[in-house]
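The values are calculated or read from the model by the stated rules, or taken from the named source; none is laboratory data. This structure is a prediction, so every number in the text was calculated from the model and none was measured. Cβ coordinates were reconstructed from backbone atoms using ideal geometry, including for glycine residues, and neighbour counts include every protein chain displayed. Each accessible area value is taken on the protein alone, full model and side chains, heavy atoms only, with ligands, DNA and RNA left out. Shrake-Rupley method; radii C 1.70, N 1.55, O 1.52, S 1.80 Å.
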Amino acid sequence: MTFDLVLVGFGNVARRFVGLLHEQRRRLSHDYDVTLRIVGIATRRHGQLFSAGGLDARQFAARVAAGGLIDTGGPAESTHSGPAKAGHYSASPAKAGHYSSSAAFIGDVADRCAAAARQRRLIVVETTTLDIRRGEPAIGHVRASLASGAHVVTANKGPAAFAYRSLALAAERAGRRFLFEGAVMDGIPVFNLVRDTLPGVRVTGFRGVVNSTTNYMLTAMEEGRSYQTALAEMQARGIAEADPSLDVDGWDAAAKTSALANVLLDANVTPQSIAREGIAPETAERARAATGAGRRLKLVVRGSRSAPPGVGLEELPADDLLASLEHQQNALILQTDLLGEFAIVQRGGDLTQTAYALLSDILAIARETTGARATRRSPMPARRGRSR
Ligand SMILES: NC(=O)c1ccc[n+]([C@@H]2O[C@H](COP(=O)([O-])OP(=O)(O)OC[C@H]3O[C@@H](n4cnc5c(N)ncnc54)[C@H](OP(=O)(O)O)[C@@H]3O)[C@@H](O)[C@H]2O)c1
């Protein structure tokens, strides 16, 4: 079955996702009977593009990565079924494809892909920049997608951190999926692990280290490097958020904590309502003192059904799993009623893992839509001698 994808946001994650789809296309077709076709791309400043017949998204990814636009100001075209020409719009209304917002773009694309939307084959892939004060524009994009009959998958923390309850309800009412595996620990299973693999298990709490930049900086400061040097290393490697205060002031960890609490613990919190601590230049001395005492200073996120969630610096004993995390490593410990405590550890993260999170959400939707067809085919068992 073919699914039509609309990419809202076309930055690092979305462009790696485009590459991953290309690399995995044969496996998706052979193992899952799924073809994923990109029909729309919307950005904030780099233009918008639609073609009902599918876009050569890799071409546009290369162009944007090189500093170009997907919008070169070409004339508007009416809907056509072939691949779009570079820089030309094909789904735009009379105004040459400039929509007042990406939400309007989503609505228009869904109208033009009405059959795919009706047949549950239209999926919006949301990867825009997070506004940590409000969770927008992603929340609006999720709402617009569901209202248009599209499923929506996102790597953005905003929707689950700020508006999980209302968006989950909107998805249920629309009969569509709202999935966000990439919001915490990239593609390492967290939300889908609990949702799909642990039926009947109730998560009662969690604790973890979920921000790579601050864990790297704490490790580097233990090793004697300064706060500024450690931050510069993370920025040079493209790991720190564009605005480093999102990482070092604990906002990224707070947004992840909020998403975890809302989804796993049925809380109704936002990053603003979470007690939050970050790291600062003077943290270096504290980190080194903790190491000297055989302990490790970590930025720990916590949540439970009986206490409000929070983010704070904690000195952990050496035998605590979280104390063993070096550099960019992350881990999440889940406390449950039936399985006790268990941990998920991420040894290293990169864009491929985030892109895979989007793909895993899409395959979950494909499985639901197509039933058994989109379930991984297992090899046929070798024939053995007839049993008696
Ligand atoms: N990078 C990672 O490793 C990682 C890991 C996990 C989760 N995430 C999350 O994934 C999301 C994307 O990350 P990224 O690294 O790809 O960010 P990025 O490179 O900064 O790209 C953000 C994209 O969003 C677009 N955008 C912003 N506002 C928009 C709007 N209103 N409508 C349409 N497009 C809009 C931007 O368009 P313009 O360029 O035209 O402004 C750009 O294409 C973020 O929420 C991030 O927190 C990232």
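General observations
- Look at region 166-192: where a residue is over 15 Å from ILE365 (Cβ atoms) and a partner is in a loop (DSSP other than H, G, I, E, B) and open to solvent by 10 Å² or more (accessible area, probe 1.4 Å), sitting 6+ places away or on another chain with Cβ atoms under 6 Å, you get ALA183/LYS157; ASP186/GLY349.
- All positions within region 151-166 that are among the aliphatic types (A, V, I, L, M) and either in a helix (DSSP H, G or I) or within 12 Å of the ligand (Cβ to nearest atom) (or both): VAL153, ALA155, ALA160, ALA161, ALA163
- Qualifying residue in region 258-281 (condition: within 18 Å of HIS327 (Cα to Cα) and not aliphatic (A, V, I, L, M)): yes
- Members of region 125-150 found to be open to solvent by less than 10 Å² (accessible area, probe 1.4 Å), touching a residue at least 40 places away in the same chain (Cβ under 8 Å) and within 11 Å of the ligand (Cβ to nearest atom), listed by number: VAL125, GLU126, GLY135
- If you filter region 48-66 down to residues that are away from the ligand (no atom under 16 Å from the Cβ) and in contact with a strand residue (DSSP E or B) (Cβ under 7 Å, 6 or more places away or on another chain), you find that the one that is most open to solvent (accessible area, probe 1.4 Å) is ALA52.
- Test result for SER226, away from the ligand (no atom under 14 Å from the Cβ), among the hydroxyl-bearing types (Ser, Thr, Tyr), without any contact (Cβ under 8 Å) to a residue 40 or more places away in the chain and open to solvent by 50 Å² or more (accessible area, probe 1.4 Å): no
- Filtered residues of region 2-47 (kept if outside any loop (DSSP other than H, G, I, E, B), modelled with pLDDT under 95 and within 16 Å of the ligand (Cβ to nearest atom)): ASN12
- Any hit, region 170-182, residues being in a helix (DSSP H, G or I), closer than 22 Å to GLY11 by Cβ, within 16 Å of the ligand (Cβ to nearest atom) and hydrophobic (A, V, I, L, M, F, W, C): no
- Flag if VAL109 is in contact (Cβ under 8 Å) with a residue 40 or more places away in the chain and closer than 28 Å to ASP252 by Cα: no
- Only one of ALA86, ALA116, ALA104 that is at pLDDT 95 or above, open to solvent by 30 Å² or more (accessible area, probe 1.4 Å) and either part of a loop (DSSP other than H, G, I, E, B) or out of contact with any Gly (no Cβ under 6 Å at 6 or more places or on another chain) (or both): ALA104
- Each residue in region 15-34 was checked for being more than 24 Å from GLN119 (Cβ to Cβ) and open to solvent by less than 50 Å² (accessible area, probe 1.4 Å), and 2 of them qualify.
- When residues of region 329-342 are limited to those that are open to solvent by 50 Å² or more (accessible area, probe 1.4 Å) and of a type in the set (A, V, I, L, M), the one nearest to the ligand (Cβ to nearest atom): LEU339
- Reported count of residues in region 281-310, each being within 23 Å of LEU193 (Cα to Cα) and not hydroxyl-bearing (Ser, Thr, Tyr), is 7.
Every residue, every condition in (1) crowded, with 19+ Cβ neighbours inside 10 Å; (2) assigned to a loop (DSSP other than H, G, I, E, B); (3) at negative phi; (4) out of contact with any Phe, Trp or Tyr (no Cβ under 6 Å at 6 or more places or on another chain), yes or no:
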position: GLN272; (1), (2), (3), (4): no, no, yes, yes
position: VAL300; (1), (2), (3), (4): yes, no, yes, yes
position: PRO308; (1), (2), (3), (4): no, yes, yes, yes
position: ASP319; (1), (2), (3), (4): no, yes, yes, yes
position: HIS327; (1), (2), (3), (4): no, yes, no, no
position: ALA357; (1), (2), (3), (4): yes, no, yes, yes
